[in-house]
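Undergrad: Below is a structure I'd like to ask you about.
The values are calculated or read from the model by the stated rules, or taken from the named source; none is laboratory data. Quick caveat, the model's predicted, so the values are computed rather than measured. Glycine also receives a Cβ, built like all others from the backbone with ideal geometry; neighbour counts cover every protein chain displayed.
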Amino acid sequence: MPDRLRHLPPRDIAVLAEAWLTLLWVDWRIRRQPYRKWRSLLGTRTHDDTTRDCRRLIRLAEIAARHHLRPMNCLRRTLAEKCLLERRGIASRVHIGVNSRRGDGLAAHAWLSDTRGAVLNDSADVTRRYRELVPDNWEGAGVFDS
């Protein structure tokens, strides 16, 4: 067992394992299923508005993503983190934005916010760097893959 893992409380190790498996599940759905089958992951469900353990869950999910078998892009991480939060009754919202870069074309990015609009899994300036796409227009738009 790696030294860093050995020093974590058992509940954090359990969350890391759950996050790792959720990332694998989200990755599989995005790679193997048509968008219409997994697009419901993008929606917001009504849950308790509490943010208990929210930052800890996001931090552990980001660690699991960095040490995953497959590369986990921002969309995969965001959807997996949303699932982790929902399982605990914490509401969150998926955002997808674009940014035109000079000469490099269009860059897309996904992030998560709480019900008040605070960014959960990225820096707060992400809303200035990316122009958010309107969720009503996501139906059938593009291919979400690395």
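Undergrad: Out of curiosity, is L106 surrounded by 21 or more Cβ atoms within 10 Å (Cβ to Cβ) and aliphatic (A, V, I, L, M)?
TA: no
Undergrad: Which ones in the range 67-81 are within 13 Å of the chain's Cα centre (by Cα), of a type in the set (K, R) and over 13 Å from D122 (Cβ atoms)?
TA: The one that is within 13 Å of the chain's Cα centre (by Cα), of a type in the set (K, R) and over 13 Å from D122 (Cβ atoms): R76.
Undergrad: Being in a loop (DSSP other than H, G, I, E, B) and out of contact with any Ser or Thr (no Cβ under 6 Å at 6 or more places or on another chain) is the filter; apply it to the range 85-96 and report the residue that is surrounded by the most Cβ atoms within 10 Å (Cβ to Cβ).
TA: Top of the filtered list is S92.
Undergrad: Also: Checking N99 against (1) surrounded by 15 or more Cβ atoms within 10 Å (Cβ to Cβ); (2) touching a helix residue (DSSP H, G or I) at 6+ places or on another chain (Cβ under 7 Å), which test does it fail?
TA: Single failed check for N99: (1).
Undergrad: Can you name the residue in the range 24-59 that is closer than 13 Å to S92 by Cβ and modelled with pLDDT of 85 or more and, of all such residues, is nearest to the chain's Cα centre (by Cα)?
TA: I58
Undergrad: Is one or more of the residues making up the range 72-84 out of contact with any strand residue (DSSP E or B) (no Cβ under 6 Å at 6 or more places or on another chain), at pLDDT below 90 and surrounded by 18 or more Cβ atoms within 10 Å (Cβ to Cβ)?
TA: no
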